[in-house]
Amino acid sequence: MPDILTVLCPGDTASQRFALTLEAALRGRRAQLLTRLEGPLKNRRLLFAVPLEAGGANSGLGPLLAFLRTHPGCLAGCVGGVLVDGPEELYTKSTGREIVLAACLAGCTFPGRPLVEATGSLQNLTVQARNAGCSPEEALRLAAAGVVERLLDFSPPRRRRPRLLALHASSHATSNTLALWSRCRKRLEAACDITEIGLRNGTLVDCAGCPYTACLHFGEQGDCFYGGVMVQEVYPAIRAADGVVLLCPNYNDALPANLTAAVNRLTALYRAAPFARTAVFAIVVSGYSGGDIVASQVISAMNMNKGFWLPPEFCMLETANDAGTAAALPGIDGRLERFSRNILKQLTGGASA
């Protein structure tokens, strides 16, 4: 375990609650506190600790995000976690995923469930407090200490020959996203065992919010009340996979409906078999713009909620509209090569098949 933690705490003001939470998270640990990022921070364990003001404001957050977005590789080798505390009910999660996306594209790895957020009322911590038999304030401090422990302990799982699952809901005949994946897959097949599952057959039922005990019962059996392709194909494939690639055309600045339903249906499996040792990657193709919005949704759903670990530069973001145009984009072969190599590097650690 690293012997020191770097804490990036932008902004000029912080509440007493934030100060006490950060103190509890760092208790017994050596920490270096920074209020701004002025140069690369490589091979560090990083906690982004962000106190928000009214309206989700933080005077130092904009410059921090700008630095991360304009300095690729500045966080190479880092492992991160995020603590966000706000005085209102909004903006904590959106702030957290904005930080994770920028830091990940700058080279930072995130373990599963890297975000601890505190809304003004702490209503978002009601369940954790009830389960721990404590106050919401104490649940917040326990959660903050937990995310620090996870980021300090995290070591990416490595496989000599990784197993990769690709999930999509597109047509091979017209999809730019699938066209890019097919070229990526060719680069990976010699070194990975690859399974590809399409979710276009119309039989995928979305999660309907079964009671916790029912969901847990079915999950422990590797099952779900609604059955279908999720239970027959997706659950076994995810349990076997070292990495999952989501193939995400941008539909109205959102994930395709069937992919969203699949993510929702992972809840039953997640309750019984956490995904902490499974990586998530994505290929996002937008017809016009907004790829970062879809990438942020993947982070929220798969990394923050379901607990998949997030490798650095986890996603490939492209813009292409008419069928067939993605494969002809300037420089696309080089970007496909880098993305494919990164998948292999993250899953194997450099070991050859």
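Data for the structure
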| item | result |
| --- | --- |
| Unit charges on C-beta of K, R, D, E only; dipole of the chain, Debye | 1160 |
| Selected from 291, 80, 120 as most flexible by GNM, with the chain as the system and alpha-carbon contacts under 10 Å | 120 |
| Computed E for residue 251/residue 189 - FRET, C-beta separation, R0 35 angstrom, nearest 0.05 | 0.80 |
| Distant-in-sequence amide H partners of residue 280 (H built 1.01 Å from N, under 5 Å) | 244, 309 |
| Mean-position separation - Cα centroids, the range 249-307 and the range 19-75, in angstrom | 25 |
| Selected from 335, 29, 185 as most flexible by GNM, with the chain as the system and alpha-carbon contacts under 10 Å | 29 |
| Extension gain (nm, one decimal) between residue 321 and residue 127, 0.36 nm per residue minus Cα-Cα | 65.5 nm |
| Linear extension gain, residue 272 paired with residue 13, 0.36 nm per residue minus alpha-carbon span | 89.1 nm |
| C-alpha long axis of helix 61-70 to longest principal axis of the chain, angle in ° | 40 |
| Shape category assigned to the range 265-338 from the gyration tensor of Cα positions, a/c cut at 1.5 | prolate |
| Karplus-derived HN-Hα couplings along the range 175-186 (A = 6.51, B = -1.76, C = 1.60, θ = phi - 60°), whole Hz, x at Gly and Pro | 7, 5, 5, 5, 5, 5, 4, 4, 6, 5, 4, 4 |
| The chain - mean residue ellipticity at 222 nm from DSSP helices (-39,500 (n - 2.57) per run, n ≥ 4, rounded to 500) | -11500 deg cm²/dmol |
| Spacing of the two label points (7 Å from each Cα toward its C-beta) at residue 155 and residue 135, in nm | 3.9 |
| Proximal lysines to residue 345, defined as alpha-carbon separation beneath 26 angstrom and excluding residues fewer than eight positions away on the same chain | 42, 186, 306 |
| Under 5 Å, built H, 5+ apart or other chain: amide partners of residue 195 | 164, 165, 166 |
| Label-zone membership for the range 158-178, site residue 197, 7 angstrom Cα→C-beta point, backbone N under 16 Å | 163-170 |
| Neighbour-count ranking [beta-carbon atoms within 10 angstrom, fewest first] of 337, 318 | 337, 318 |
| Cα-based shape type of the range 1-45, given that a ≥ b ≥ c are square roots of the gyration tensor eigenvalues and the cut on a/c is 1.5 | oblate |
| Prolate/oblate/rounded call for the range 1-148, Cα gyration tensor, a/c under 1.5 rounded | prolate |
| 293, 238, 4 arranged by Cβ crowding within 10 Å, fewest neighbours leading | 4, 293, 238 |
| Inter-centroid distance (Cα atoms) of the range 79-97 relative to the range 170-185, Å | 35 |
| Ascending count of other beta-carbon atoms within 10 Å, so fewest first, for 33, 317 | 33, 317 |
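Read the figures in this text as sums done on the coordinates, not as results from a lab. Note that the structure is predicted; figures quoted are calculated from it, not measured. Note that each Cβ is placed from the backbone with ideal geometry, even for glycine, and that neighbours are counted across all protein chains shown.
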